[in-house]
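Asks: Before I ask anything, let me first share the structure, which is written out below as C-alpha cells.
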Amino acid sequence: MSTNNNISRRSFVKNISLASGGLILACNYSLFSNEMNTTNAVEFNPNLFVQLNTDGSLILIASRSEMGNGVRTSLTSVIADEMEADWNQVSVKQAVGDAKYGDQNTDGSRSILYLYETMRKMGAMTKAMLITAAAKTWQVPESECHAQNHFVIHTGGKKIGFGALAETAKTLEIPTNITYKNPKDFKYIGKSLKSIDVANYANGSAIFGIDKRLPNMKFAAIARCPVTFGTVQSFDKSAAMKIRGVLDVIEIPRIEKPFGPLGGIAVIATSTWAAFEGKKALAITWNYGKNETYDSEAYMVEITKNVHQPAKVEKEIGNVDQAFASANKIIESTFQLPHLAHAPMEVPNAVAWVQGDTCQVWAPTQDPQTAREEVTAYLATTSDKVTLNVTFLGGGFGRKSKPDYIVEAVILSKAIHAPVQVVWTREDDIKHGYYHTVSSQYMKASLDNQGRVTGWLHRFALPSIMSTFTPGIEFAQNWEIATASDIPYEIKNLKVEVGQAPAHVRIGWMRSVINIPHGFAVNVFADELAFAANKDPLEFRLDLIGSDRLEDTKDPIKYDTKRLKNVLKRAAKNANWHQPLPNGHAYGIAVQYSFYTYVASVVEVSMLNDKIKVHNIYTVIDCGTVINSDTVKAQLEGAAIFGMSLAFYGKITAKNGIIEQNSFSDYPLIRMNEIPKVHVDIVESTENPTGVGEPGVPVIAPAIVNAIFKLTGKRYYNLPLSDYNLV
Amino acid sequence: MITLLINDKKYKLDIAPEMPLLWAIRDVIGLTGTKFGCGIGACGACKVLVNATATYSCLTPVKDVVGKKITTIEGTTPNLQLLQEAWAAFNVPQCGYCQPGQLITATSLLNTINNPSDTDIDEAMSGNICRCGTYQRIKSAIQHTVELKNQTK
Ligand code: FES
Ligand code: FES
C-alpha cells in the first residue's frame, strides 16, 4: 500500500518531492547571501539561515510562514540547538518568498518533516566554523575545543564568545565534514519553548498583513459575482462615488487560473470602511454563468445516487462480492458531509505597490513563492522585480496558500499607481472561498459468525481539488483516494470505488483535507461494525488494524501499525476507557493516520435536554521526534476545537449558485462556553518528525458521533450536528 | 472634526461621525493592534475598552464615544498588563490574531468582577472567537491572573 497520500497532494501544482529538502542544502552550500547585510556592522553569514553579529546577537531566518503553527520558534530552535547558541540572543527574521530557501510552502504539515535535518545542518555547520575560528585564534587543535552556550571553550579553560569569533569565522571555508549533537544532549529540541513572538501577540504590535501601512496607501474592497466564475454585465458607480472617502471605482477582470482573482468591481478609498461602504453602494448586474444552477441540496442527492450504484473501481483486493455473498451479517451506511470554509480570523488581504517595473508585496501567505510566481506572471515581468514579504498570518488553514487576493492588490496598485491594500469582508471570505469538498460516501461490510470483517466496500463521490487546477475533472484523484484505499485495516477483501462529482465552486484544501470525510466515514462505520459484532469498539478496532507490520510502500516513510495501535490503546488508557462513566456520559473513539502521524482521540459526551456537551477529549499523538512539545500540545488543543466546530456547525450550502452563509452569525464556530478539557499526550519517539498541524482534526467528529451512539443508541451519519438540533 | 481620547492621547480627526471606531483607530490613527474579524459584532476581534468596558469597536460610531476614555491593546491599564503577562506565561496565542480582543474582553471582566467563576469567564469570553482554538489556555491564563491578584491583596 502506498502511504504518500497526504504529503504529495500538492505535487500537481509544482513538482515538489521529498527531494526539495536537498535543494535547500545544495543551494546553501554554495550561497553566501548578502540579503541580511543591512548595516556595516554585520558579520558572519555561514549560510542563508544564520547571521551572527559581532555583539553576539544571532539572527535566524524562518523560511516557513507563521500562522499559529509555531514554526518561527521551532525551526529556528533547531538551528540554535545544534549551534550551541543561547536562545536569549536569538531573534527571528522572516524570509521573503524566494526559491533559494527551498520549498517555502507552509502546507500539508510538512515544515518540520522537510526542514528538520536541514536546520540541524545549518546549526552544526555554523558551530563547526566557530570552533575552527577559535582554534585558529588560540593556535590550538580544534579537537581541544567545544561550543557551549554561545561560547567556544578550550580544554585548558579559555573561552571566547560567539560574537567575538564572527570576524574570523567569516574568512573560513564552509566545512564539508560536520558532526551532529547526540539527541540526548538537545537543549531546545524536544523541550517546551515559548513562542518567540508571544509578547508581540499580546501587546498588539505583531504586524499581520492587514496591519501593513505605507505612506499614501489606499484601501480597496471588491464586489465579486455571487456565483462562482460569473462576470460583470454592467455596473453603476454613481452612488458609491458619493460616499465620503471613496476615490475611484475600477472593474477588474477574472484571471482564469487556479489562483486567479475572480474579478469584479473594486472600490478604492481612503479607509477600509469607506471602501466597504462604497462596495455596498455599487449597483451591479451580473452574468451568473453556468454555476447558477448549483443547488447543494440537490447536488447531495445526485452524488448520493452515484455512490448507490457501481462506480469507478480504484482498488480491489480479494473478492468483495464473494465475501458479501457468504456473509453472516451485512452492514451498510451512507455518510454525507457538506462544504466547509476555512474562515481564518484574519480575512484574506494584501498590500501591493507597483512602481515602474518593480513590485513590492506584503501579505499573509502560506506560500510566498507561488504568490510571487503569480504576481510575476500577471505583471509579465521577471521574478527579480517582485519582492514578496511575508507578514504574520492571522490563521491560514489552507486558505492563504491560494494567492488570488494578492494578485487583486497588484492589479489595483498597477491601475492607480499607488500602494493599495485589498481587504476582504468576512462575507467575501465566506462566500468566495476555496471550499473544503462536499461528499457522499457509501460503506458496506460483511461480518463472519465470529464478528470479523470479511469484506469492505468504500464508495465515495466528492468534487476533487484537482477540478480547481484542471477544470472538467469530475472524479476524486490519487491522493483523495489513497486515504480510503490505503486504509490501515487488515481486511482480505477490499474494494474502493469513486463516483462522479463535478465541481460548481472552487474546491481547495483545508486543514487535514481528505482525512475529514474519509476519517469520519471510516471511523463511524468501524464503530457501527463493532456494535453489530457485539464487541467493544476499542478491541474491535485493534483487531481490525491487525498484526504488527510495516506496510511495504514506495514511500520512504513506512507505515507502522504498531504505532497506530499504540496511540489507540494509550488514548483509551488515558481516558480510563473500561471504567464506568457518570450516568448520562459516554465515550467515543476514533483513530487516523495522516501526514505520516498517528493520532487517536477518546471523547466524553453527555446529553442534557437533547443537547450534547463534550466534556473531555483525550488525544494521543505519535509524530516522531518532537521539536517543541508545547507547540505540539497547542496544535492538538486547537485541532480538537477545529474538529468540534465542523462537527457541531460546519456547513456551507449553495442555492441558485449563491453561497447561503455570510459570516460567523450563520457559519458559527465553537466558543469558550462550549469547550471541553483537551488532554494531549505525546508519544516519545526518535523516529523522523512528522506532521502536527493537521492530524488532530479528523478524529474529533467521528469520536463525538460514536459517543452519541453509545449514549443514545442513535447513529448520526451526516454533519453538522446542528442539523439535528443536537447542539 | 471628531475628538477622541485613546490611550490617554487626544486625536482630532476629520472623519464622518458615523465611521465605526474600529476603522478610525486602524486606518486613520494607525493603531493596528485592534483587529477586524467580521464587522457585525460576532467575533470580538475589534474590542476596545470604552471607559472600563469591552466594546465592539466595529459597531460603535465614533460620534458615540466622543469624551469617553478609550483604551486599545496598545494602551495600559493594570488588569491588562497582568493578563498580558499571564498570556505569555501560558503561551496562549497561536496565530495571535484574536488575542488583542480576547485580552481586552478579559480585562473588562476583571474590571467588573474580582473573583469571576468559571461561568462568569465563559459568559464574558463567549463573544470572542478564536479560530485557532486557544480557549483552554485563555481560560487558564485568566484564572491564573485572578489567583495572583488574590494572593497579592
Ligand atoms: S469585528 Fe467587531 S465583532 Fe467581529
Ligand atoms: S490565536 Fe488564532 S484566532 Fe485566536
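The values are calculated or read from the model by the stated rules, or taken from the named source; none is laboratory data. Being a predicted model, the structure only gives us computed values, none of them experimental. All Cβ positions, even for glycine, are placed from backbone atoms using ideal geometry, and neighbour counts span all protein chains on display. Quick note on the areas: whole protein, heavy atoms, side chains included, nothing else; ligands and nucleic acids left out. Shrake-Rupley method; radii C 1.70, N 1.55, O 1.52, S 1.80 Å.
Asks: Under a cut-off of 12 Å between alpha-carbon atoms, report the aspartates and glutamates in cross-link reach of A:K312, not counting same-chain residues fewer than 8 places apart.
Replies: Leaving aside aspartates and glutamates fewer than 8 places away in the same chain, those within reach of A:K312 are A:E474, A:E497.
Asks: One-quarter of the Cα convex hull surface for region A:340-428, in nm²?
Replies: 5.3 nm²
Asks: Report the calculated FRET efficiency for A:A325 and A:D666 (r = Cβ-Cβ distance, R0 = 60 Å), to the nearest 0.05.
Replies: So, using R0 = 60 Å, E works out to roughly 0.80.
Asks: Here is the link list: A:K400/B:K35; A:K400/A:K431; A:K305/A:K431; A:K305/A:K402; A:K444/A:K492; A:K170/A:K191. Which ones come out longer than 21 Å on Cα distance? Walk me through the numbers on the way to the answer.
Replies: Values: A:K400/B:K35 18 Å; A:K400/A:K431 15 Å; A:K305/A:K431 27 Å; A:K305/A:K402 32 Å; A:K444/A:K492 14 Å; A:K170/A:K191 31 Å.
Check vs 21 Å cut-off fails for A:K305/A:K431; A:K305/A:K402; A:K170/A:K191.
Asks: Could I ask something else about it? Going Cα to Cα from A:K385, which aspartates and glutamates come in below 16 Å? Please leave out same-chain ones fewer than 8 positions away.
Replies: The qualifying aspartates and glutamates are A:E35, A:D98, A:D357, A:E373, A:E374.
Asks: How long, wide and thick is region B:1-145, going by the Cα atoms along their three principal axes, in whole angstroms, largest first?
Replies: 43, 27, 23
Asks: Using a Förster distance of 41 angstrom, determine the FRET efficiency expected from the C-beta separation of A:K655 and A:N449, and round it to 0.05.
Replies: It comes out at approximately 0.25.
Asks: Considering the zone a paramagnetic label at A:E297 would reach in this model (a point 7 Å from Cα along the Cα-to-Cβ line), which residues of region A:686-724 have amide N under 15 Å from it?
Replies: A:723-724
Asks: Then there is this: Can you pull the percent of Cα pairs in region A:612-696 with separation above 18 Å?
Replies: Pairs farther apart than 18 Å: 53 percent.
Asks: For the protein assembly as shown, which whole-number percentage of the solvent-accessible area (1.4 Å probe, protein heavy atoms only) is attributable to carbon and sulfur atoms? Numbers along the way, then the final one.
Replies: Working: 15270 of 30670 Å².
Answer for the protein assembly as shown is 50 percent, counting heavy atoms of protein chains only.
Asks: With the crude spin-label approximation of a point 7 Å out along Cα→Cβ, what separation in nm comes out for A:N534 versus A:V313?
Replies: The answer from the label model is 3.5 nm.
Asks: Chains B and A: buried accessible surface, both sides, probe 1.4 Å, rounded to 100 Å²? The partial results should precede the final answer.
Replies: Values: alone 7800 and 27340 Å², together 30670 Å².
Buried area between the two chains comes out at roughly 4500 Å².
Asks: If one computes the Cα centroid of region B:83-153 and of region A:483-546, what distance in Å separates the two points?
Replies: About 39 Å separates the Cα centre of region B:83-153 from the one of region A:483-546.
Asks: OK, next. Per residue, what volume in Å³ does the Cα convex hull of region A:420-482 take up? Intermediate values should be presented prior to the final figure.
Replies: Values: hull volume 9.3 nm³, N = 63.
Spelled out: Cα convex hull of region A:420-482, divided by residues, is 147 Å³.
Asks: Could you check the spin-label model distance between A:Y489 and B:D14? Points 7 Å from the Cα along Cα→Cβ, value in nm.
Replies: In this crude label model, A:Y489 to B:D14 measures out at 7.1 nm.
Asks: In addition: Can you list the HN-Hα couplings for region B:80-94, worked out from phi with the Karplus curve (6.51, -1.76, 1.60; θ = phi - 60°), rounded to whole Hz and with x for Gly and Pro?
Replies: So the Karplus estimates, Gly and Pro as x, are 4, 4, 4, 5, 4, 5, 5, 4, 6, 4, 8, 6, 5, x, 9 Hz.
Asks: Report the Cα-based extents of chain A along its three principal axes, largest first, to the nearest Å.
Replies: Each principal axis gives a Cα extent; for chain A these are 82, 72, 45 Å.
Asks: Of A:K212/A:K414; A:K315/A:K558; A:K565/A:K611; A:K218/A:K257, which pairs sit farther than 22 Å apart, going by alpha carbon to alpha carbon? Numbers along the way, then the final one.
Replies: Values: A:K212/A:K414 18 Å; A:K315/A:K558 20 Å; A:K565/A:K611 32 Å; A:K218/A:K257 26 Å.
A:K565/A:K611; A:K218/A:K257, as the Cα separations exceed 22 Å there.
Asks: Also, quick follow-up: What percent do you get for the relative contact order of region B:78-151 when only Cα pairs under 8 Å and 6+ apart count?
Replies: 46 percent
Asks: Something else now. Please give the Cα centre distance for region B:1-41 versus region A:412-464, rounded to the nearest Å.
Replies: Region B:1-41 and region A:412-464 have Cα centres separated by 38 Å.
Asks: Express as a percent, rounded to the nearest 5, the fraction of DSSP beta bridges in the protein assembly as shown (both residues included) that run antiparallel.
Replies: Counting only bridges with both partners in the protein assembly as shown, antiparallel ones make up about 75 percent.
Asks: Sorted from largest down, give the three principal axis spans of the alpha carbons of region B:78-151, whole angstrom values.
Replies: 31, 23, 18
Asks: Given the C-alpha atoms of region B:2-71, compute the convex hull and give its volume per residue in Å³.
Replies: Spread over its residues, the Cα hull of region B:2-71 gives 72 Å³ apiece.
Asks: Also, quick follow-up: So which residues of region A:205-228 lose at least 40 Å² of accessible area, probe 1.4 Å, when you go from the chain by itself to every protein chain present?
Replies: Buried by 40 Å² or more upon assembly, which counts only protein chains, are A:F208, A:I210, A:D211, A:R213.
Asks: Here's another thing I want to ask about it. Just from the alpha-carbon atoms, what are the Rg and Dmax of region B:74-114 in angstroms?
Replies: Taking only Cα atoms of region B:74-114, I get Rg and Dmax of 9.9, 29 Å.
Asks: How about B:K68: which aspartates and glutamates have a C-alpha closer than 14 Å to its C-alpha, ignoring those fewer than 8 places off in the same chain?
Replies: Correct list for B:K68: B:D8.
Asks: Would you mind pulling out the separation of the Cα centroids of region A:365-386 and region A:198-226, in Å?
Replies: Between the Cα centres of region A:365-386 and region A:198-226 lies a distance of 20 Å.
Asks: For region A:115-212, with equal point scatterers placed on the C-alpha atoms only and solvent neglected, what are the log10 I(q)/I(0) values from the Debye formula at q = 0.12 1/Å, to two decimals?
Replies: -0.54
Asks: Let me ask something else about it. Can you compute the helix-only [θ] at 222 nm over chain A? Use -39500 (n - 2.57) per DSSP H run of at least 4 residues, normalise by all residues, nearest 500 deg cm²/dmol.
Replies: -9000 deg cm²/dmol
Asks: Could you do me a favour and compute the accessible area per residue for the protein assembly as shown, 1.4 Å probe, result in Å²?
Replies: Working: 30670 Å² over 880 residues.
Per residue, the protein assembly as shown has an accessible area of 35 Å².
Asks: Also: Below 8 Å between Cα atoms, with a sequence gap of 6+, how large is the relative contact order for region B:2-71 in percent?
Replies: Answer for region B:2-71 is 40 percent.
Asks: In addition: Label points 7 Å out from Cα along the Cβ direction at A:D610 and A:T712: separation in nm?
Replies: 0.9 nm
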